[in-house]
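Below is one structure; the comments refer to it alone.
The values are calculated or read from the model by the stated rules, or taken from the named source; none is laboratory data. This structure is a prediction, so every number in the text was calculated from the model and none was measured. Here the Cβ positions follow ideal geometry from the backbone for every residue, glycine too, while neighbour counts run over all protein chains shown. In case anyone asks, the SASA skips ligands and DNA or RNA and just uses the protein heavy atoms, side chains included. Shrake-Rupley method; radii C 1.70, N 1.55, O 1.52, S 1.80 Å.
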Amino acid sequence: VSGGKVFLVGGGPGGADLITVRGARAIAASDIVVWGRPLVTSDLIREHARGDAEVIVWPPATMADIEAAYDRAAAEGLTVARLHGGDPAVYARLGEELARVEARGLRVEVIPGVTAACAAAAAHGWELSCEADRRPLVLACARGPDGGISADLVRVAAEGDALALYMTGSDATALERALLDAGYPSDTPCAIGHAVSWPEEALDRCPLSDLGTHLAARERAGQTVVLVGRARQR
Ligand SMILES: C[S@@+](CC[C@H](N)C(=O)[O-])C[C@H]1O[C@@H](n2cnc3c(N)ncnc32)[C@H](O)[C@@H]1O
């Protein structure tokens with residue numbers, strides 16, 4: 001084990017004040033900060049990174065640059081904070097990152113973050129799941145590996161549970177159609193959170209029958225999460 005350490009930090013949805021205190025402290029304690037520019041705002045880096053920290057910005061930096069930083073951390077006993085958007089354990093390739101760090105003998109600490117579904121729910125005042133009836137909530141990726149609607153989403157949607165949909169993709173009409181075909185009534189309430197906690201945040205609500213139109217109106221589909229109410233009472 002080397003003297004170096006890597007924090008895999010859940011940066012939250014983007015805003016500088018939606019990171020945990022532990023995450024902010026980890027960034028402030030780090031010699032090197034790896035910032036995925038599309039994932040969290042520049043304010044978050046400015047507010048929490050040390051003035052003398054080396055900030056690696058990707059893109060344009062590549063995975064090879066990040067691995068080189070890990071190599072230096074191992075050789076020189078440096079501390080690195082690698083920022084993930086939201087929570088590192090939710091659609092963020094945490095396993096691959098842990099393997100990269102552990103292969104170099106670096107100590108590692110994972111710090112949780114506010115995942116996009118929770119940030120959007122809070123912004124909307126939307127109850128994701130209810131303690132009284134303990135209904136399930138399914139976190140799902142809407143887009144499959146081929147870019148179309150995910151077969152896994154089609155499978156879980158058949159149960160009609162409340163959904164939090166990540167990676168909604170560019171074909172908003174296909175998403176609306178898939179949920180209608182799965183049996184969700186056309187008046188099922190939906191909440192859209194776009195760029196939650198960023199300066200351009202936009203929140204929108206609509207019945208499922210209008211989801212395609214409302215989603216298509218958003219320009220940056222890569223930063224949109226959709227909350228879908230439960231299809232039927234059990
Ligand atoms: C690769 S996943 C990463 C999820 C992240 N680890 C999390 O816990 O939120 C990227 C997806 O998260 C959602 N997302 C991330 N940040 C968001 C934000 N600020 N507002 C709305 N959705 C966001 C979008 O659905 C986006 O396509």
Exercise for the section: Take the Cα pairs of the stretch 1-67, get the Kirkwood Rh, then feed it into Stokes-Einstein at 25 °C and 0.890 mPa s and tell me D in µm²/s. Expected result: 200 µm²/s
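Please sort 134-141, 222-229 by packing, taking for each peptide the average over its residues of neighbouring beta carbons within 10 angstrom, highest first.
Working: 134-141: 15.0, 222-229: 22.0.
Per-residue Cβ counts within 10 Å, averaged per peptide and sorted highest first, yield 222-229, 134-141.
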Handout entry: Rg followed by Dmax, in Å, when the chain is reduced to its Cα trace
Key = 19.2, 59
Problem - q = 0.11, 0.21, 0.24 Å⁻¹, the stretch 126-234: log10 I(q)/I(0) [Debye, one scatterer per Cα] - result: -0.30, -1.13, -1.45
Practice task
Specify, per residue and in Å³, the volume enclosed by the convex hull of the alpha carbon atoms belonging to the stretch 1-138.
Solution key: 115 Å³
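On full extension of the chain, what length is gained from VAL21 through GLU47, given 0.36 nm per residue of separation minus the C-alpha to C-alpha distance? Mind dumping the intermediate values first?
Working: separation 26, 0.36 × 26 = 9.36 nm, distance 1.23 nm.
Gain in length upon complete extension: 8.1 nm.
Å³ per residue of the Cα convex hull, for the stretch 89-130?
Working: hull volume 3.2 nm³, N = 42.
Roughly 76 Å³ of hull volume per residue.
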Fill in the blank from the handout: The answer for the chain, accessible area per residue at 1.4 Å probe in Å², is 47 Å²
Practice task
Just grab the label-to-label distance for ARG135 and GLU159, each label 7 Å out from Cα along the Cβ direction, in nm (one decimal).
Solution key: 1.4 nm
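Just the number, please: percent antiparallel of the DSSP beta bridges in the chain, rounded to the nearest 5.
Values: 16 of 40 bridges.
Of those bridges, close to 40 percent are antiparallel.
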Practice task
May I ask you to list the GluC sites (Glu not before Pro) in the stretch 164-234 that are in a DSSP loop and have at most 16 other Cβ atoms within 10 Å of their Cβ?
Solution key: GLU200, GLU219
Exercise for the section: Could you run the Karplus curve 6.51 cos²θ - 1.76 cosθ + 1.60 with θ = phi - 60° over the stretch 121-131 and give me ³J(HN,Hα) per residue in whole Hz, x for Gly and Pro? Expected result: 4, 5, 4, 8, x, 10, 8, 5, 8, 10, 4
Exercise for the section: Could you check the simple spin-label distance between ALA216 and ALA28, using points 7 Å along Cα→Cβ, in nm with one decimal? Expected result: 4.8 nm
Fill in the blank from the handout: On the accessible surface of the stretch 55-111, probed at 1.4 Å with all protein chains in place, carbon and sulfur together account for a percent value of 55 percent
Practice task
Please turn the phi angles of the stretch 14-19 into ³J(HN,Hα) values with the Karplus equation 6.51 cos²θ - 1.76 cosθ + 1.60 (θ = phi - 60°), one per residue in order, whole Hz, x for glycine and proline.
Solution key: x, x, 4, 9, 10, 9
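Take the Cα atoms of the stretch 145-204, build their convex hull, and give its volume per residue in Å³. Show your work: numbers first, answer last.
Details: hull volume 5.9 nm³, N = 60.
Measuring per residue, one finds 98 Å³ for the Cα hull of the stretch 145-204.
Share of the stretch 140-218's accessible area from carbon and sulfur, percent, 1.4 Å? Please report the intermediate quantities before stating the final value.
Working: 1790 of 3530 Å².
Accessible surface attributable to carbon and sulfur in the stretch 140-218 totals 51 percent.
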Practice task
With label points built 7 Å along Cα→Cβ from the Cα atoms of ALA151 and ASP71, find their separation and express it in nm.
Solution key: 3.9 nm
